[in-house]
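Read the structure below first, then the notes.
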Amino acid sequence: MSSISTPRENHILAALPDADYVRMLPHLEQVSMPVESVVYEADRPLGYLYFPTTCIISLFHVLESGASAEFAVTGNEGMVGISLFMGGTSMPSEARVQIAGSAYRLKTNILKRELTLNCKLQHLGLRYIQILITHMAQTAVCNRHHNLEQQLCRWLLLRLDRLPNSDLTITQEQIANDLGVRRESVTEAAGKLQWERLIQYKRGHISVLDRKKLENRVCECYALQKREFDRLLA
């Protein structure tokens, strides 16, 4: 494993009543999630529902040209494979690991059984789906109306919320792919934040030096997404 974790590190699993959690526990399989590993592919059947604990998973669409853009990110606050909750079997998007770590996964047939027995899991899952819908809508608005520097601040803060420290191992090319922009544009925006000592960037590694200033620079999209999570799942 790339890191040691327990299922309770996932917020949804941690919120389950003890009886439901104990019943599910033997069926929760811990899996290592290396960087860039594929969690699911577009239009392919989903075999598992994933509960991240220490990894971060990026959800994105890929165009025929090969260009891609992220529309949501999931860490220990949520789950990956939400179409299974809604009665579907696949997604038109892709999911890949962006920050390495661990997750727990539950087979589809066990999930179906749990949804008939476990009202709390169903309740938490639907609330998380509402959060994810808000996240996707706000991402679309942000990409349309806010400048790249604000988008980069939001991108950084969303990941810091899901990590135990202020350091990220990621390349500017990966960030550019997530935001759907050129790498040179990310280099320029990151350079401004570094010059103002909000972040420190070395090849493949970003350290946030002043989170408060970063929050002051970000657009209102980040606060709205965080407020919705606190309202529904905190």
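The values are calculated or read from the model by the stated rules, or taken from the named source; none is laboratory data. The shown structure was predicted, so the numbers you read here are calculated from the model rather than taken from an experiment. Positions of Cβ are generated from backbone atoms using ideal geometry, with glycine treated the same way; all protein chains shown enter the neighbour counts.
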On the basis of being surrounded by 13 or more Cβ atoms within 10 Å (Cβ to Cβ) and either assigned by TED's automatic domain parsing to the domain that holds F71 or on the phi > 0 side of the Ramachandran plot (or both), does G125 make the cut?
no
Does L163 satisfy being within 13 Å of the chain's Cα centre (by Cα), among the aliphatic types (A, V, I, L, M), modelled with pLDDT under 90 and assigned by TED's automatic domain parsing to the domain that holds V181?
yes
Looking only at region 22-59, which residues are acidic (D, E) and in a loop (DSSP other than H, G, I, E, B)?
E36, E41, D43
The condition of being at negative phi, touching a residue at least 12 places away in the same chain (Cβ under 8 Å) and assigned by TED's automatic domain parsing to the domain that holds R159 holds, among R183, R211, only for R211
Inspect all residues belonging to region 215-229 and state whether any of them is in a loop (DSSP other than H, G, I, E, B) and touching a Pro at 6+ places or on another chain (Cβ under 9 Å).
no
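Matching residues to (1) in contact with a helix residue (DSSP H, G or I) (Cβ under 6 Å, 6 or more places away or on another chain); (2) closer than 16 Å to A190 by Cα; (3) assigned to a helix (DSSP H, G or I):
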residue	(1), (2), (3)
T134	yes, no, yes
V141	no, no, yes
Q150	no, yes, yes
R159	no, yes, yes
I175	yes, yes, yes
Residue identified as within 15 Å of L160 (Cα to Cα) and at pLDDT 90 or above among E184, E220, E215:
E215
Of the residues that sit in region 1-51 and are in contact with a strand residue (DSSP E or B) (Cβ under 7 Å, 6 or more places away or on another chain) and among the charged types (D, E, K, R), which one is modelled with the highest pLDDT?
E29
